[in-house]
Amino acid sequence: MATGARITSIDEVPEAGSSLFTVSDRHGDDREAILVRCDEEPGVRAWINVCPHEYQRLDRGRGAAIRDGEVICPKHGSMFDTCSGDCDNGEAAGTTLTAVEIAVDDGTVYLADEGYTYRHNGAGEDGDDGPSSTSHIGF
Ligand code: FES
């Protein structure tokens, strides 16, 4: 199987928290994504770092809040299953996080999603809470 860019090693993904990385989408816009632990194989999942309820980063640069296998949205407190991305509670009930396909090979996590190109680890360049559509071009 062809694998994409290396993101990190699985050991670097915190047990309670998230690893932030940045990809670009089909339009060339930067999107942040998070890696989180999941009890199901291959042990991690990647999600776009935005709550589906309102525009809100789940990981604001210091790791997402994770409790009992769920990511907690910092805005209204809805919780998303780290494995399925599904939410059944609070303001975001009925929504699902946007998945980013990854592959794990020998403890290394690779981007395996044709919709995204790996950019770098860490936050997107604007790094604020605004929508990515307003991100600055030409800096
Ligand atoms: S913005 Fe995440 S639950 Fe409302």
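Rule-based calculations on the coordinates, nothing more; no lab input. Every value quoted in this text rests on a predicted model; they were computed, and no experiment measured them. Here the Cβ positions follow ideal geometry from the backbone for every residue, glycine too, while neighbour counts run over all protein chains shown.
Calculate, in nm to one decimal, what Ala16 and Asn89 gain on full extension: separation in residues at 0.36 nm each, minus their alpha carbon distance. Numbers along the way, then the final one.
Working: separation 73, 0.36 × 73 = 26.28 nm, distance 2.04 nm.
Extending this stretch completely gives an extra 24.2 nm.
Three principal axis extents, largest first, for the C-alpha atoms of region 4-82, in Å?
Ordered largest first, region 4-82 gives principal extents of 32, 30, 21 Å.
Would you work out the relative contact order for the chain, in percent, from Cα pairs under 8 angstrom that are 6 or more residues apart?
Values: 304 pairs, mean separation 41.1, N = 139.
The normalised contact order for the chain reaches 30 percent.
Can you list which of the chymotrypsin sites (Phe, Trp or Tyr not before Pro) found in region 1-110 are DSSP loop residues with at most 14 other C-beta atoms within 10 Å?
Numbers: sites: Phe21, Trp47, Tyr55, Phe80, Tyr110; in loops: Tyr55.
Hits after loop and neighbour filter: Tyr55.
Can you give the relative contact order of region 55-107 as a percent, counting alpha carbon pairs under 8 Å and 6+ residues apart? If you can, show how the numbers build up before the last one.
Numbers: 70 pairs, mean separation 10.6, N = 53.
That works out to 20 percent.
Where does the Debye-calculated log10 I(q)/I(0) of region 1-40 sit at q = 0.17, 0.18 Å⁻¹, using only Cα point scatterers of equal weight, no solvent?
Log10 of I(q)/I(0), two decimals: -0.57, -0.63.
Considering all alpha-carbon pairs of the chain, what whole percent are spaced by more than 27 angstrom?
Values: 1375 of 9591 pairs.
Tail fraction, whole percent: 14.
Sort Leu58, Leu111 by Cβ crowding within 10 Å, fewest neighbours at the top. It would help to have the intermediate numbers written out before the result.
Working: Leu58 25, Leu111 22.
Arranged by neighbour count, lowest to highest, Leu58, Leu111 become Leu111, Leu58.
In debye to the nearest 20, how big a dipole does region 6-123 give about its Cα centre with +1 on each Lys and Arg Cβ and -1 on each Asp and Glu Cβ?
That gives a dipole near 540 debye.
What net charge do the residues around Ile102 carry, taking every other residue with its C-beta under 11 Å from that of Ile102, with Lys and Arg at +1 and Asp and Glu at -1?
Values: positive: Arg6, Arg45; negative: Glu101, Asp105, Asp113.
With Lys, Arg at +1 and Asp, Glu at -1, the neighbours total -1.
Report the net charge of residues surrounding His76, where surrounding means a beta-carbon distance below 12 angstrom and charges are Lys +1, Arg +1, Asp -1, Glu -1.
Numbers: positive: Lys75; negative: Glu54, Glu91.
Once positives and negatives cancel, what remains is -1.
Each label point is 7 Å from the Cα along the Cα-to-Cβ direction; what then is the distance between the points at Glu114 and Arg60, in nm?
If labels sit at Glu114 and Arg60, their model points lie 3.8 nm apart.
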